[in-house]
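See structure below.
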Amino acid sequence: MRPASEDELSEMVRAARGPLVVRGGGTRALGRPGIGDLLETGGLSGITLYEPGALTVVVRAGTPLADLEAALHAEGQRLPFEPMDMRALLGSSGIPTVGGMVASNASGPRRVQAGACRDSLIGVRLVDGTGTVIKNGGRVMKNVTGYDLVKLMAGSWGTLGVLTECSFKLLPVPAAEVTLLGDEVSPQQAVQIMGQALGTPYEVNGAAWGANGRVALRIEGFAEQVAYRGAALRAALGGTWEMLDGEASADLWRGIRDVKAFAGQAGDVWRISVRPSDAPEMVARAGCPVAMDWGGGLIWALCASGRDLRADLGAFRGHATLIRGSEATRAALPVFQPEAAPVAALAQGLRARFDPRGVLNPGLMG
Amino acid sequence: MEMPVPNPAILAKRNRVLARLATILPGEALISDEAERRAYECDALTAYRCVPMAVALPASTGEVAAILRICHEEGVPVVPRGSGTSLAGGALPTEDSIILGVARLREVLEVNYPDRYIRVQTGITNLAVTGEVEGDGFFYAPDPSSQLACAIAGNIAMNSGGAHCLKYGVTTNNLLGVTMVLMDGTVVELGGAHLDAAGYDLMGLVCGSEGQLGVVTEATLRILPKPEGARPVLIGFDSNEVAGACVSDIIKAGVLPVAIEFMDRPCIRACEDFAKAGYPDCEALLIVEVEGSEAEIDEQLGLIMQIARRHNPVELRESQSEEESKKIWLGRKSAFGAMGQINDYMCLDGTIPVSSLPFVLRRIGEMSTEFGLDVANVFHAGDGNMHPLILFDANKPGDLERCEALGAEILKLCVEAGGCLTGEHGVGIEKRDLMSVQFAPEDLEAQMRIKDVFDPRWLLNPAKVFPLAASAARRAA
């Protein structure tokens, strides 16, 4: 099914007699292969409102992300949160859509400074599991009118409703960027260095450590500002740093964002969200190839197919998500970290209210 | 403003409920004396008052849970209260309710610089959070104008903003985790010191839910390194339209000021009379502030002034020193006090798309004439959050009603222009009955379903946020 309008989508959901597999471009699919009728949102496409002077855009959920980004770029603006492209990592094909990005709360390296997708999302329209059209938030960046369903929808993987339209606040594309690339260090040292850098006033908006053992720190801004801050940061941290700018810097961060290091590598891929200072311990417990982003707050782990990494990580403050796995792993392990009973009960209660018949991506989030 | 009729069955068991609460709380934490209860009869929306049945002031999450468990068993409504600075009546009690205040939950639990967060009990004031870390070069970004008094609990309940949102976002963008007690006494942990939710973003849902989903007792807040410096420029224009166009051009040019404040003529005049800040005599005034090192500030202010000059400003004053910055901000910061000197006033809080600024200001001017009440405008122009101040005389019969009617019309105008009823103050009781202007019944139903999940008996702050008629069946159940 590929509805051409929100009304049509609403009709289709209302008429559904069994599970629906909700899909934008199908590039971020995770979890067990969905069972049910395919419901694609690609027919709901196009920018409905773009006001560069207000730093806001409203766009239909099935719009290819690339189209949105091109339109923003033409005005010197962008989505602040640097959403990753998962195709290389997951080996998926298809066209990433705005709705898929929101449903997965896709947030890249800039998350440490500019916030996640959920922070830039200021409004949604959706069709819930009964076929009812609901709107929440709007197109203004400061809005506390009623409950914030906008945040709830970001990262709900299409299990509470099918997104039809999303509004975002935007940021200008800075004139320049510079990356400081350090010497090879241990995860422990890397987290310490990244924490120190993120604690300076130079607005570091990327702090990652790759499989090559080198810390990368990014600063963006006006040309002179970037030159000043890059030098000031280098002086504050000490040690030797290679400086990258322009396309070399941008290319490095695209690779970090998309976890290029693990693309095409055999094994399962896990994403661990953790307090940065706990990251070295988690890396040790994982004992497999890892990459860190968000100053250590995000760990990508590549481990042997079928391994229950969550069991080996033990108890920790944070969570681990199975991003890519063999069919056997996916059949055996929940994708999302099981939650404490009272929290799981709230989540279950929300699903029961928004999708009482259990037709929207059933089982994906519990 | 209508409030539900108190439930006589609950009033009748007052003594029993108080006796049960007394078994779990020390004497000083339970207020039953009428004179003392009266201190909790209203928040900063002082036009509406009601003395609650009792006031409980717990000192731990465990005590909060015990209080809620008893009230849940007894079916007694609970109104959570931070510092009582809500301008929307968020903490207004009903006669049959218990006020649960977090004033005694004031501890700083952890300060962590390597991970850049602070964990606090939520009765602590907003400014005290920054106070805790500023000696080490950090700050907590959301800065509502009541920050000296307002509690983090209330900030989370209302998703408070402030003057610096354009760059740093509002409370929800700076909140990492909460410990929250549900109405039945269950304690849940949402979020933590990591950056995203394990499953649904329940913390995002809780922030801004006006104390209707749970009582937040502890919070993990993101702290940021302080910028090297900040300086404003003051720009005067001879029309609101031109000032609005200038704001739009500044934003389009790729500069991200930390604040863009806008004042119209009535507001400029009042501030000038009150604070003698040396503001020019003009129709509209912008204060644009940028941050960074001295050289960075020069570069950004240079760009902003270049843009401003294209709009023929009647005044362009770049601050060159701390002294001058203070003077520029002095008038703006005393705006509310200045208004209070002349008149009683009602402060609105709608948000509009920045592009419709000139239209909305023109319409407000016309409405002001129609209603015969003066309106002064001061607001955060960068994010479209307006604060029209309607001046009235509380001692003049009918003035308050006229003022409320004008306020409602202005908020409807904000919604029509593509904006919303409230940008940072919250709905409370004040805008409760306007919710159906912004939302269709299905939209409100979806929100009320959420309360059904967290608080199935609708005992937490029940008569707020939703139009009374819309929530009646649920509250009666």
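The values are calculated or read from the model by the stated rules, or taken from the named source; none is laboratory data. What you see is a predicted model, and the numbers here were worked out from it, not measured in a lab. Note: ideal-geometry Cβ built from the backbone for every residue, glycine included; neighbour counts use all protein chains shown.
For the reader, a short list of remarks on this structure follows.
Condition check ((1) surrounded by fewer than 22 Cβ atoms within 10 Å (Cβ to Cβ); (2) under 16 Å from A:VAL259 (Cβ atoms)) across all residues:
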residue: A:THR63; (1), (2): no, no
residue: A:ALA71; (1), (2): yes, no
residue: A:PRO83; (1), (2): no, yes
residue: A:LEU90; (1), (2): yes, yes
residue: A:SER93; (1), (2): yes, no
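- Just one of the numbered conditions (1) at the interface with another protein chain (Cβ under 10 Å from one of its Cβ atoms); (2) at pLDDT below 95 is not true of B:ALA163: (1).
- Matching residues, the range A:98-113, being within 11 Å of another protein chain (Cβ to nearest Cβ), crowded, with 22+ Cβ neighbours inside 10 Å and either in contact with a helix residue (DSSP H, G or I) (Cβ under 6 Å, 6 or more places away or on another chain) or not hydroxyl-bearing (Ser, Thr, Tyr) (or both): A:ASN105, A:ALA106, A:SER107, A:ARG111, A:VAL112
- Any hit, the range B:109-118, residues being away from chain A (no Cβ under 14 Å), farther than 20 Å from B:THR61 by Cα and either crowded, with 24+ Cβ neighbours inside 10 Å or of a type outside the set (Ser, Thr, Tyr) (or both): no
- Qualifying residue in the range B:170-191 (condition: among the small types (Gly, Ala, Ser), within 8 Å of chain A (Cβ to nearest Cβ), touching a residue at least 12 places away in the same chain (Cβ under 8 Å) and assigned to a loop (DSSP other than H, G, I, E, B)): no
- Per the conditions (1) over 30 Å from B:ALA394 (Cα atoms); (2) surrounded by 14 or more Cβ atoms within 10 Å (Cβ to Cβ); (3) touching a residue at least 40 places away in the same chain (Cβ under 8 Å), the sole criterion not satisfied by B:GLY62 is (3).
- Qualifying residue in the range A:125-132 (condition: surrounded by 24 or more Cβ atoms within 10 Å (Cβ to Cβ) and either outside any strand (DSSP E or B) or modelled with pLDDT under 95 (or both)): yes
- Restricting the range B:1-50 to residues that are touching a Gly at 6+ places or on another chain (Cβ under 8 Å) and of a type outside the set (A, V, I, L, M), the residue that is farthest from B:TYR345 (Cα to Cα) is B:TYR40.
- Within the range A:270-347, helices (runs of 4 or more DSSP H) holding 2 or more residues that are at pLDDT 95 or above and outside the structural domain of A:GLY210 (by TED's automatic domain parsing): A:279-286, A:309-313
- For the range A:187-210, the condition holds for at least one residue, the condition being that it is at pLDDT below 95 and not hydrophobic (A, V, I, L, M, F, W, C).
- Exactly one residue out of A:THR145, A:THR159 is more than 28 Å from B:ALA163 (Cβ to Cβ) and either buried (at least 22 other Cβ atoms within 10 Å of the Cβ) or among the charged types (D, E, K, R) (or both): that is A:THR159.
- Odd one out for A:LEU217 among (1) under 30 Å from B:ASP433 (Cα atoms); (2) of a type outside the set (Gly, Ala, Ser); (3) outside any helix (DSSP H, G or I): (1)
- Residues (outside any loop (DSSP other than H, G, I, E, B), more than 7 Å from chain B (Cβ to nearest Cβ) and either in contact with a Cys (Cβ under 7 Å, 6 or more places away or on another chain) or not β-branched (Val, Ile, Thr) (or both)) located in the range A:145-166: A:MET153, A:GLY161, A:LEU163, A:GLU165, A:CYS166
- Note on the range B:415-435: residues that are more than 8 Å from chain A (Cβ to nearest Cβ) and either closer than 21 Å to B:GLY154 by Cα or over 21 Å from the mean Cα position of the chain (by Cα) (or both) total 6.
- Any hit, the range B:415-429, residues being part of a helix (DSSP H, G or I) and touching a helix residue (DSSP H, G or I) at 6+ places or on another chain (Cβ under 7 Å): yes
- Taken as a whole, the condition of being assigned to a helix (DSSP H, G or I), farther than 20 Å from B:ARG269 by Cβ and not aromatic (Phe, Trp, Tyr) does not apply to B:GLY365.
- Within the range B:437-472, the set of residues being closer than 15 Å to B:VAL427 by Cα, of a type in the set (A, V, I, L, M, F, W, C) and within 11 Å of another protein chain (Cβ to nearest Cβ) comprises B:VAL437, B:PHE439, B:LEU444, B:MET448, B:VAL465, B:PHE466.
- Filtering the range B:231-249 to residues that are closer than 24 Å to A:GLN77 by Cβ and assigned to a helix (DSSP H, G or I) leaves B:GLU241, B:VAL242, B:ALA243, B:GLY244, B:ALA245, B:CYS246, B:VAL247, B:SER248, B:ASP249.
- Residue count for the range A:167-187, restricted to those that are assigned to a loop (DSSP other than H, G, I, E, B) and over 23 Å from the mean Cα position of the chain (by Cα): 3
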